[in-house]
Amino acid sequence: MHDNGNHDPGATMPHVSRETGPDGWSVGRRAPVPDPRVASGQTEAVTAAGDGPGTAPRVPLAVPFSSPEGGAGTAVPGRPDVAERPPAPAPRPQPAPSTDRVDVAPPRPAQPRIDTPTVAPEVTPEEAVTDTDAYVSRETHSRDEDDPPLAMEALRAVQILNPSGEVTMPRPDHTRIMCVANQKGGVGKTTTTVNLAVALALHGNRVLVVDLDPQGNASTGLNVPHHAGIPDVYDCLIDNVPLSDVAQAVEGIPNLWCVPATIDLAGAEIELVSVVARESRLSRAIAAHPATFDYVFIDCPPSLGLLTVNALVAAQEVLIPIQCEYYALEGLNQLINNINLVRQHLNPTLDVSTILLTMYDRRTRLADAVEQDVRNHFGDKVLRAVIPRNVRVSEAPSYGQSVMTYDPGSRGATSYFEAAQEIAERGVKGGKA
């Protein structure tokens, strides 16, 4: 069929792409311009040349040929490089169905799937709060765990240091004189005295610390000078110097004073032997102090000599630090016997009011066994707060500070703060005050 402008109804319309216009050309391109030679009947020239302006050459009928690969195809005359796709193979004949009857269960019709929304049961606010048996995943964090560790440590530091001075611990109605005693060394007597005194002083209590140990460790922990030539507690015991002339204010800690101890105190054990009323020398010195204190802590040496007896006579309460080891329990019985002797002959009001567990290591069964034995024997006298092993507690004296000011966010500072708060609350509630 020649493209002479006549429309053949029987001709099949070529496939038109979606991207072409109705005339077979791409959308957006200019329509072909008819060749004047076609209009004049010069169709052979147009067919042979195929280079009319704006027209495509007429392609003659294709003839069959054999492809080099061996397959049959059709080639366009004059265009050996253009080949048409071979026709699709005829479908294979299907075998006739067998006439034998086979009982096969008919397929079950597919049931339409209906997705019904799941409605959660209604829970009232009361049930949500009081339901204690609800399952809680291990990955569920508590409210405290949601906060970063540094934020929690900073919060504890602010609570312990109390920079605003607004938070105060309960103050007793009279002076509480506490003797920190244990004849076994290394159980934390001096550390307990220093940290409890600082914690109470930071929260509105007037505290006096009397260093009765010739080593002078309490003076070191409070950064109070105690070298030779400094007036100390020895002058009060031997030369009757007023305690107010010897006490020094602790730098950086308001409402806290310390009576230092020098090496001269080591000779007081011998010199007090011939002194009249040698057991009550310290008691009279404290009573003659003109100022009024809420707490007086006496740090005793690791012995049961005259210095410790002076402390037991001057005190009203005894605070016994117990290390969570077997040796600490072995010497505790002897200390209780000496306290009973002092109560019978020298100080009837003396009482063991507080037991504090120190150097507690939660990784050992021995610590748990010692704690259970102490709590079973002394009952409510044992503080709920337990002082763990913490390197910050040991580092603080090397900087002339207590752990409360050296690292207030550490576990050691937090434990001593809880112990001081518990002691203050017991005194106000009418315990052993």
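Here is how the numbers come out for the structure above:
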| read-out | value |
| --- | --- |
| Amide N of segment 252-281 lying under 15 Å from the label point, which is placed 7 angstrom from the Cα of Ser398 along Cα→Cβ | none |
| Segment 168-316, accessible surface, carbon-and-sulfur percent (1.4 angstrom probe) | 54 |
| Accessible solvent surface per residue of segment 190-283, calculated while the other protein chains remain in place, 1.4 angstrom probe, Å² | 37 |
| Å² of accessible area per residue within segment 356-421, as computed with a 1.4 Å probe and no ligands counted | 51 |
| Unit charges on C-beta of K, R, D, E only; dipole of segment 226-322, Debye | 220 |
| Intensity falloff of segment 238-363 expressed as log10 I(q)/I(0), Debye formula with alpha-carbon point scatterers, at q = 0.12, 0.17, 0.18 Å⁻¹ | -0.54, -1.05, -1.15 |
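The values are calculated or read from the model by the stated rules, or taken from the named source; none is laboratory data. Because the structure is predicted, anything quoted here is derived from the model rather than measured. Every residue, glycine among them, receives a Cβ derived from its backbone with ideal geometry; neighbour counts consider all protein chains shown. Keep in mind that these areas ignore ligands, DNA and RNA; they rest on the heavy atoms of the full protein, side chains included. Shrake-Rupley method; radii C 1.70, N 1.55, O 1.52, S 1.80 Å.
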